[in-house]
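S.K.: Sharing a structure, written as structure tokens. Questions coming.
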Amino acid sequence: MKDTEGLKLDSIQPYAEQKHRLLTYYANLFAKSIRDKWDSIVYLDLYSGPGKAVIEGTNRIVNT
């Protein structure tokens with residue numbers, strides 16, 4: 001499957017959407033807990049995905 005820009009999308013398992021939601025939740029929680037300690041912070045996700053993917057067996061495109 002391809003996205004609206006014609007780029008090929010990776011196929012991911014349905015659990016990946018929940019994993020992404022939890023990672024975002026924990027990153028926000030961490031950032032809020034230390035926001036008064038430093039002027040700025042940077043989060044680097046070494047296991048980040050391509051940005052968009054399709055849920056295997058569906059036509060749903062999700063952020064990764």
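The values are calculated or read from the model by the stated rules, or taken from the named source; none is laboratory data. This is a predicted model, so every value here is computed, not measured. So basically every Cβ, Gly included, is an ideal-geometry build from the backbone, and we count neighbours across all protein chains shown. Calculation scope for accessible area: heavy atoms of the full protein, side chains included, ligands and nucleic acids excluded. Shrake-Rupley method; radii C 1.70, N 1.55, O 1.52, S 1.80 Å.
S.K.: Can you name the residue in segment 47-58 that is within 12 Å of the chain's Cα centre (by Cα) and of a type outside the set (D, E, K, R) and is also least open to solvent (accessible area, probe 1.4 Å) among such residues?
M.R.: Top of the filtered list is ALA53.
S.K.: If the Cβ limit is 6 Å and pairs must be 6+ apart or interchain, which residue in segment 4-28 that is free of Cβ contacts under 8 Å to residues at least 40 places away in the same chain and farther than 11 Å from THR64 by Cβ pairs with which residue that is open to solvent by 80 Å² or more (accessible area, probe 1.4 Å) and outside any helix (DSSP H, G or I)?
M.R.: LYS8/LYS2; ALA27/TYR43
S.K.: Would you call ALA31 surrounded by 10 or more Cβ atoms within 10 Å (Cβ to Cβ), more than 17 Å from VAL62 (Cα to Cα) and at pLDDT 80 or above?
M.R.: yes
S.K.: Just give me the residues in segment 7-24 being open to solvent by 80 Å² or more (accessible area, probe 1.4 Å), among the charged types (D, E, K, R) and under 10 Å from the mean Cα position of the chain (by Cα), in sequence order.
M.R.: LYS19, ARG21
S.K.: What do you reckon, is THR4 exposed (fewer than 11 other Cβ atoms within 10 Å of the Cβ) and modelled with pLDDT under 80?
M.R.: yes
S.K.: Checking LEU44 against (1) in contact with a His (Cβ under 7 Å, 6 or more places away or on another chain); (2) loosely packed, with under 10 Cβ neighbours inside 10 Å: exactly one of these is not met. Which one?
M.R.: Among (1) in contact with a His (Cβ under 7 Å, 6 or more places away or on another chain); (2) loosely packed, with under 10 Cβ neighbours inside 10 Å, LEU44 violates only (1).
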